[in-house]
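Student: Before I ask anything, let me first share the structure, which is written out below as structure tokens.
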Amino acid sequence: MAELLDKQELHNLAMNIVGKDLEEQGFEFLGVNSQLKRNPQFVALRDKKLHFVIVRAVSYPEDANDYDPFFMNEIKQHADKFNAKTFYAGVGLGSADDYGKPVEKGTSYTVIYNGLQVIK
């Protein structure tokens with residue numbers, strides 16, 4: 001039986017997807033933290049403005065666009081101290097053959113990523 005990606009590996013995959021998106025949008029990375037449970041994952045600069053980005057890898061049946069509003073409010077309060085904008089980036093990951101199945105090592109996968117969500 002194939003080995004599944006663990007939580008850290010799924011998180012790293014999500015970080016790569018979001019990191020590429022940020023680069024394409026012209027963000028300059030000041031800090032990157034890919035360790036699980038360490039927040040924010042990206043501290044980046046664009047147009048001389050600081051941005052905090054929280055990245056989460058989720059699997060079916062979780063919705064990649066849903067986030068914990070209490071937790072995100074805590075992050076936003078922290079970001080506000082630095083006059084930074086706060087974003088949530090949820091990345092849904094599943095098997096390419098069946099999104100409802102987990103990602104196996106060495107196999108293709110499906111990504112559901114709708115970009116950055118502004119936390120207000």
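Student: Hey, fewest Cβ within 10 Å first, where do ILE119, ILE54 land in order?
Tutor: ILE119, ILE54
Student: Here is a further query. Given a Förster radius of 35 Å and the C-beta distance between LYS48 and LYS7 as r, what FRET efficiency does 1/(1 + (r/R0)^6) yield to the nearest 0.05?
Tutor: 0.50
Student: Further question on the same structure: Cα convex hull of the range 7-119: how many Å³ per residue?
Tutor: Given the Cα convex hull of the range 7-119, per-residue volume reads 96 Å³.
Student: Between ASP97 and ASP63, what is the label-point separation in nm under the 7 Å Cα-to-beta-carbon projection?
Tutor: 3.0 nm
Student: In the range 7-119, with Lys and Arg counted as +1 and Asp and Glu as -1 at Cβ, which of these residues, VAL55, VAL43, VAL118, has the Cα nearest the positive end of the dipole, that is, farthest along it?
Tutor: VAL43
Student: Then there's this: Residues of the range 41-59 with the amide nitrogen closer than 15 Å to a label point 7 Å from the Cα of GLN25, along Cα-to-Cβ, please.
Tutor: 41-56
Student: If you don't mind, another one. Cα-Cα over 29 Å: which of LYS48/LYS76; LYS76/LYS101; LYS20/LYS81; LYS48/LYS120; LYS37/LYS120?
Tutor: Exceeds cut-off: LYS76/LYS101.
Student: Can you give the angle from 0 to 90° between the axis of helix 7-24 and the longest principal axis of the chain, with both taken from C-alpha atoms, to the nearest 10?
Tutor: 50 degrees
Student: On to the next question. In degrees, nearest 10, range 0 to 90: what is the angle between the Cα axis of helix 69-80 and the longest Cα principal axis of the chain?
Tutor: So the helix axis and the longest Cα principal axis differ by about 40 degrees.
No lab work stands behind these numbers, since they all come straight from the coordinates. Computed from a prediction, not measured in an experiment: that's the story for all the values here. Every residue, glycine as well, gets a Cβ built from its backbone with ideal geometry; the counts of neighbours run over all protein chains shown.
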